[in-house]
1. Quick one: pull the percent of accessible area on region 114-156 belonging to carbon and sulfur, 1.4 Å probe, ligands and nucleic acids left out.
2. Scaled to the compact-protein estimate 2.2 N^0.38 Å, what is the alpha-carbon radius of gyration of region 239-291, rounded to two decimal places?
3. Cα to Cα, under 22 Å, and not fewer than 8 places away if on the same chain: which lysines meet these conditions relative to LYS258?
4. For region 81-141, compute the orientation-averaged projected area of the C-alpha convex hull (one quarter of its surface), in nm².
5. Let me have the relative contact order for region 105-247, percent, based on Cα pairs under 8 Å that are six or more residues apart.
6. Give the shape of region 130-190 as rounded, prolate or oblate, defined through the alpha-carbon gyration tensor: a ≥ b ≥ c are the square roots of its eigenvalues, a/c under 1.5 means rounded, and otherwise the shape is prolate if a/b is larger than b/c and oblate if not.
7. With every protein chain kept in place and ligands, DNA and RNA left out, what is the accessible area per residue of the chain? Probe 1.4 Å, answer in Å².
8. Once you've got the GNM for the chain with C-alpha springs shorter than 10 Å, pick whichever of LEU185, LEU171, LEU157 has the biggest mean-square fluctuation.
Amino acid sequence: MVLDQLTLQQFRSYGKQTFTFSPRTTLIVGVNAAGKTNILEAIYFLATGKSFRADEDREVVSWGQEVSRVTCQISSMEHVEKLGIRITTGQVQGQKAPLKKYFVNGIARRMIDFVGNLRVVLFWPEHLELITDSPSIRRKYLDSVLVQVDREYRRNLMSYERGLRQRNRLLDLINQGKAHHHQLLFWNQLLIGAGSYLTDKRAEFIEFINNYQLSGIRYQIEYDKSVISESRLIQYASEEIAAKATLVGPHRDDMIFKKNEKGWVDVSKYGSRGEQRLAILWLKLAEESFVRGKTGERPLVILDDIFSELDESHRELVFDIIGKQQTIITTAEEEVLTMLKRKNKTMAIISV
């Protein structure tokens, strides 16, 4: 699958603009804050249904506007499709409006049917947060990969998130004496079923990552999973009612990056910034291999100004995947263009 065109309307810094991409390599060149990353964010939105930058999706709507639209054309040997997302601030012309709507060939679709039409692997300098910041960022990452390759994962994730909200409301009512703990039975079973699927698929992905070999690079991920089961829910019953929140389950999962240094040690605590960058590079190269293996197709690779973060030897690892599939690269450095030309990489260039 190839991304042919992308059109942005009232998205971040863009009023309305269309971009056309090479089926091989496209370099987006511009000074810092010119809007290069906004283009990649829009592409990622079309792949996952979510932003990789915003805490709330409505933040992508241009300042002073109420509606943003992102549309694209993707093609393969067999067919051409048009994907679109309409994002609002929650109100349009004084009326309450859905925050997001998804379209395939102009027909409204559920998110579960929309995600997975376009698959991407994102390299972004801020991915260091995966190592250093909160577990919620790491869970979000796991979901962003798995929803693109597994429709059942999408279905179970949506079911789990809805059930979790309902169960937490019920725990609040039980805490207030307005409901009985027997009413938890339905939600317990729903969360156990959906949550077990999420846990199994996350474990499968992490096992694949840990088996991915990269010359001279030795990292591992420890999956700190919070298993949800009937016995654990019984074990934590009184604590959950007191906390008015579900205390076990994949919404409490974490993963820990480790390097081999006289035994496996936590990269967030004992790794240099360079080692942390290298761990993320290992992860993303393994992710590309995972998506390719699951789908039988190479995903679109989008690289956001990452060459300034890597030394020469590790740039070579990235250069090796450029040209093997469609790749879109942003940079503010002329040196990157020179390097790509030196590697005999033919490309289209977009200036912003």
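1. Values: 640 of 1400 Å².
Here carbon and sulfur together make up 46 percent of the probe-accessible area.
2. Numbers: Rg = 16.2 Å, N = 53, 2.2 N^0.38 = 9.9 Å.
With N residues counted in region 239-291, Rg over 2.2 N^0.38 Å equals 1.63.
3. LYS140, LYS201, LYS225, LYS269, LYS284
4. Numbers: hull surface 25.2 nm².
That works out to 6.3 nm².
5. Values: 100 pairs, mean separation 35.0, N = 143.
The normalised contact order for region 105-247 reaches 24 percent.
6. In terms of gyration-tensor shape, oblate.
7. On the way: 16760 Å² over 352 residues.
Dividing the accessible area of the chain by its residue count gives 48 Å².
8. LEU185
The values are calculated or read from the model by the stated rules, or taken from the named source; none is laboratory data. In this text the structure is predicted, and so the values were computed from the model without any measurement. Note: accessible area is taken over every heavy atom of the protein model, side chains too, but ligands, DNA and RNA are not part of it. Shrake-Rupley method; radii C 1.70, N 1.55, O 1.52, S 1.80 Å.
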